[in-house]
Amino acid sequence: MSDLIVQDGGPLTTVQDLGRFGHLRVGIPTSGPMDREALVLANRVVGNDDDAAGLECTLIGPRLEFTDERLVAVTGADMTPTVNGEPAPAWQGLRVKAGDVLRLASARSGVRAYVAVAGGIETPLVLGSRSTYPRGRLGGLEGRALRKADRLPLGRAAAGARPRRVAPERIPAYGSFAQVAVVLGPQDDRFTAAGIAAFLEGPYEVLPQSDRMGARLKGPFIEHTRGHDIVSDGVPMGGVQVIGDGQPIVLLADRQSAGGYTKIATVCSFDLGRIAQLKPGGRLHFRRVTVAEAHAMLRDSRRALDGAIDPA
């Protein structure tokens, strides 16, 4: 079996597939990629299934050595990838040889980059997923971020796979501002009309305390009608929780499974990657949509994703 050797893990590089489902009832979050679309596209470029495990790299990428010939792709944040010190293009398949070293530097735009390797990363499955959940020490490699001298087992690459690329017009631009669609609820009745208006007018700034559990935001005060506590209920991916300080927190991949704070809205799944790619200090504006509009936008986003790869 071939390995991927970690020469430098960067500050927070973890193994992620599309997530660990069916365990929220016992307090285990889905985890998975913060920017699902970027990981899916990386996998498709190298011929993997969408759910193959790759690497999520945060702010500064790792340095990785290959032990055999592979196709590899880097998507997401612009971390100026190089192979053996020479510039390498992102958003397309690259052929590397044994001994080649892929390096990702500091993110010039965006926050999280994704590395997919043909055959996928085959760390052990934990509860049906290879995704790393660091707080619970589950999945990935020993349930933690990668570090120097780690070795990641790779699966068998499909024979005859040819490198592909993401169509240039489908490559997202990561800036300092994002507008995301939300459906109000499930506890929007616990906020005043002025509070809901403030939430939708924004904008909100992403705080440095943001992480894989949630994006902490600062902006206009959101007024409750009768306090921020409720009987604990399930926490959806993208739920916008507002605690006593009147500031929103968007709950993300490593969120808790239940909580007792009011949730004014839920971010639509197809826009969560926009939040994941905003650096601290970036601004966020929430746009209200109906459930029917959200369904239509989801269908559009799936069609766009399916049409994003140029033919081989």
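Numbers below:
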quantity: Accessible area of the chain belonging to carbon and sulfur atoms, whole % at 1.4 Å probe; calculated: 51
quantity: Whole-number percent relative contact order across the chain, with pairs defined as alpha carbons under 8 Å at least 6 apart; calculated: 20
quantity: Set of lysines with alpha-carbon distance to LYS97 below 29 Å, sequence-local pairs under 8 removed; calculated: LYS148
quantity: Charged-residue dipole, Cβ positions (Lys, Arg, Asp, Glu), the chain about Cα centre, Debye nearest 20; calculated: 200
quantity: Reachable lysines, given that their alpha-carbon falls under 21 Å from the alpha-carbon of LYS218 and they are not under 8 places away in the same chain; calculated: LYS263, LYS279
quantity: Dipole moment magnitude, nearest 20 debye, region 1-114 about Cα centre, only Lys, Arg, Asp, Glu C-beta charged; calculated: 240
quantity: Once the Cα gyration tensor of the chain is diagonalised, semi-axes √(5λ) in Å; calculated: 35, 20, 17
quantity: Length-normalised contact order of region 163-312 in % [C-alpha pairs under 8 Å, at least 6 apart]; calculated: 36
quantity: Selection from ALA116, PRO168, PHE199, by position along the positive dipole direction of region 105-200 (Cβ); calculated: ALA116
quantity: Relative contact order (%) - criterion: Cα under 8 Å, at least six apart; region: region 1-93; calculated: 35
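The values are calculated or read from the model by the stated rules, or taken from the named source; none is laboratory data. Quick caveat: nothing in here was measured; it's all calculated off a predicted structure. In this analysis, Cβ positions are derived from the backbone assuming ideal geometry, glycine residues included, and neighbour counts consider all displayed protein chains. Just so you know, the surface numbers come from the protein's heavy atoms only, side chains and all, with ligands and any DNA or RNA stripped out. Shrake-Rupley method; radii C 1.70, N 1.55, O 1.52, S 1.80 Å.
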